[in-house]
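The values are calculated or read from the model by the stated rules, or taken from the named source; none is laboratory data. Every value quoted in this text rests on a predicted model; they were computed, and no experiment measured them. Positions of Cβ are generated from backbone atoms using ideal geometry, with glycine treated the same way; all protein chains shown enter the neighbour counts.
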Amino acid sequence: MIRSLKDNEKKTSTADWRLTPGYLHESRSDFESVHILLGRFLADRTSEAPLVEKELFAPDGIFEWGHAVPLEKVIYSREDFEFLLKNPSLLRNSITIIEPWEHVGFNGLGEDVRASKNVAYIAQKVADMDSVLLPVWSCGVIDPELVVPAITSGYAVVVEGGDPSTYDPSTWTSPACPRDDMFALVEKLLISRSAEGSSEAIARECSCHLHLCRASTSS
């Protein structure tokens, strides 16, 4: 039976983190292998089951952040982030998933949906890309000036949605990450990814929209 990790159950620490990339092909994942596996997956039109058969769920049926590999890399604190800075290859060979809230809503059974696990599952199954979770609703944005350059060194940065509304400040109830903190992090991300030409214009336009959103909801 597949179940979620309870709050009072033991969670992984940096001592449990794998220091070499890859889970399906243990310690053998790198930039070249990721692109080869992605290419093969996209080109495959005939296989009945194109995904690797190796199971990602733990033996106890749990697939949850902070429970076991391959979802062991969760930034719970600034100390965890500093561990990543001391081991930069972990970020370079991973995607970073930012959670503004602990879930994105509820399914038909009333269960909360944590979409970040879907992203991590597909990335691992398709291309053996590890994932690092930054749950800002829990640990805060830490320091965007440090965080953004570090996480953008990896394969990709995925910013999840969340149950709170961007246009309703009252729904942002986490003291660790006020809405303005999340706006500041996203704005920094947008500008950081705009190294040249039109992409910079797009990023700055998106940044302007963030400022307008702030203004419209504070007036």
- Task: Could you list all residues from region 40-54 that are under 21 Å from Y23 (Cβ atoms), of a type in the set (V, I, T) and loosely packed, with under 12 Cβ neighbours inside 10 Å?
- Result: none
- Note on the structure: Over region 58-90, the set of residues part of a strand (DSSP E or B) and in contact with a helix residue (DSSP H, G or I) (Cβ under 7 Å, 6 or more places away or on another chain) is none
- Message: Of the conditions (1) touching a residue at least 24 places away in the same chain (Cβ under 8 Å); (2) of a type in the set (A, V, I, L, M, F, W, C); (3) not in a loop (DSSP other than H, G, I, E, B), L42 satisfies every one except a single condition; which number is it?
- Response: (1)
- Message: Based on this model, can you work out whether K86 counts as in contact with a Leu (Cβ under 6 Å, 6 or more places away or on another chain), of a type outside the set (G, A, S) and surrounded by fewer than 16 Cβ atoms within 10 Å (Cβ to Cβ)?
- Response: no
- Return the pairs, sorted by first residue and then second, in which the second residue is among the aliphatic types (A, V, I, L, M) and assigned to a loop (DSSP other than H, G, I, E, B), the first residue lies in region 90-103 and is touching a residue at least 24 places away in the same chain (Cβ under 8 Å) and in the same structural domain as S153 (by TED's automatic domain parsing), the beta carbons are less than 6 Å apart, and the residues are 6+ apart or on different chains. I95/M129; H103/V113
- From the list K6, K11, which one is at pLDDT below 95, of a type outside the set (A, V, I, L, M, F, W, C), surrounded by 14 or more Cβ atoms within 10 Å (Cβ to Cβ) and farther than 17 Å from K125 by Cα? K11
- Message: Being over 20 Å from V132 (Cβ atoms) and in contact with a helix residue (DSSP H, G or I) (Cβ under 9 Å, 6 or more places away or on another chain): is that true of L51 here?
- Response: yes
- Note on the structure: Residue hits (region 91-113; surrounded by fewer than 19 Cβ atoms within 10 Å (Cβ to Cβ) and either in a helix (DSSP H, G or I) or within 13 Å of the chain's Cα centre (by Cα) (or both)) are R92, E102, H103
